[in-house]
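Please read the structure below before turning to the comments.
Bear in mind that the values in this text are calculations on the coordinates, not laboratory data. On a predicted model such as this, the values are computed, not experimentally measured, just so you know.
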Amino acid sequence: MNPTIKSQAVDQAGKGLVASLITYLLVKYGMDTELIFIVMPVITVLLAWISSKIGDPTIASFFSATPVVEIEVDEVSEG
């Protein structure tokens with residue numbers, strides 16, 4: 001497996017585990033279901049932001065900015 005993909009999978013799985021644990025605790029301690037539904041997107045954004053600050057920003061999200069690679073193309077003359 002590509003090391004970058006493996007790192008992304010580990011990062012995403014870790015964030016999923018933390019989000020699941022938070023959800024479990026909120027349900028266990030009786031928080032209203034609708035409030036949990038509203039709070040979870042905020043928690044996932046916070047987890048993604050924290051992940052980009054403590055780790056490699058290009059691995060922290062599938063949608064993160066990737067380094068730009070410039071490719072030089074030689075002109076081909078027809079004829």
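Some points to look at:
- A P(r) calculated from all alpha carbon pairs of segment 3-54, with 5 Å bins opening at zero, reads 4, 19, 25, 22, 14, 9, 5, 2, 0 percent.
- Reachable lysines from residue 6, criterion Cα separation under 23 angstrom, eight or more residues apart if same chain: 15, 53
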